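To keep things clear, I will list the structure first and then write my remarks on it.
What follows is calculated from the coordinates using simple rules that are stated; it is not laboratory data. What you see is a predicted model, and the numbers here were worked out from it, not measured in a lab. Cβ atoms come from the backbone with ideal geometry, glycine included; neighbour counts cover every protein chain shown.
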Amino acid sequence: MDRGVRLCAFDLDGTLIDSQHHIVDAMAAAFRAEGLLPPNTAKVREIVGLSLDQAISRLAPQVRGLQLERVGQAYRDAYFQAKEADGAEEPLMPGALAAIDTLESDGWLLAVVTGKGRRGLREVLDAHGLLARFVSLKSADDGPGKPNPTLLLEAVHEAGTTPDRAVLVGDTVFDMGMARRARVSGIAVTWGYHEVSLLQTEQPAAIIERFEELPGTAGRLIPA
C-alpha cells in the first residue's frame, strides 16, 4: 500500500446526483405493478442508499421471495424505460464537478460506492463524462449493501491505500454507518435524503452544507 495515496469515495444518489424524482416514480410504478399501495415520497427518501432488495423490504416487509424479485424487476424496468422514453436526466448536484476537479488536482483518487445497480451507475456517470475519473466503482451488483463495509473496503484496496487514508462522502445514515464500520472518515452532506439530526447518530467525522466545502474538509481530515 502507498501511504501517500488518498481516496475520496462518493455515494451516488443524493450525494453526487439528484435522482429523487426518478427513484420515487419508479418505486411507485413497481408497487402498483404488484397491486401494492405505493410508498409516499418521505418513506422512499428514507431508504435511498440501500440496495434495491433492502429498500423494498423496508418499505414493504410483507413482500418476500418471488414477489420481492418481481417488484425489484418492475422497479428496474420503470426506471430505465423512463430514461429511454424522455431522456430523463439525473443532474449533478451543484458544485459537484468543481469539487471533483479540485480533489483530483490536489492528488486524491476517486471512487463511487452505491446501492444503485451497475448499469445505472455506469450510465449516469457516462452521461456526465465522469466514468473514467474514478479508479473504483462499486454497485449493488458487486457485494452486500450498506452499511456493510465490504464494498468500501474493496474500493480502498483497489486504490492502493488504507482506510485511515480515505474519506466517504454521503447523504444517509447507511453511508455513514458503512464508513464507521470500515474505519474510514465519513463526511456527511446536508443536501441529500437524510436530515442532519439523523446523520449525526452515526457520528460522521464532518458535516458539510455545500460541495465547495468538500476539498478543504477532506484535506483537513487526511492531510497530504
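Residue-level check: of (1) within 26 Å of Arg180 (Cβ to Cβ); (2) out of contact with any helix residue (DSSP H, G or I) (no Cβ under 6 Å at 6 or more places or on another chain); (3) acidic (Asp, Glu), Asp77 misses just (1).
In the range 1-40, of all residues being of a type in the set (Asp, Glu) and crowded, with 23+ Cβ neighbours inside 10 Å, the one that is nearest to Ala218 (Cα to Cα) corresponds to Asp11.
When the range 182-213 is limited to residues that are surrounded by 19 or more Cβ atoms within 10 Å (Cβ to Cβ) and hydroxyl-bearing (Ser, Thr, Tyr), the one that is nearest to Leu50 (Cα to Cα) turns out to be Tyr193. Selection of first residues in the range 170-183 that are free of Cβ contacts under 8 Å to residues at least 40 places away in the same chain and of second residues that are in a loop (DSSP other than H, G, I, E, B) and among the basic types (Lys, Arg), restricted to Cβ pairs under 7 Å at least 6 apart or on distinct chains, gives the following pairs, ordered by first then second residue: Gly177/Lys146.
The residue that is surrounded by the most Cβ atoms within 10 Å (Cβ to Cβ), among those in the range 87-106 that are within 19 Å of Gly14 (Cα to Cα) and among the charged types (D, E, K, R), is Glu90.
Close Cβ contacts (under 6 Å, 6 or more residues apart or on different chains) running from residues in the range 203-224 that are over 16 Å from Trp108 (Cβ atoms) to residues that are among the β-branched types (Val, Ile, Thr) comprise Glu209/Thr190. Among the residues of the range 154-181, the one identified as small (Gly, Ala, Ser) and surrounded by fewer than 19 Cβ atoms within 10 Å (Cβ to Cβ) is Gly160.
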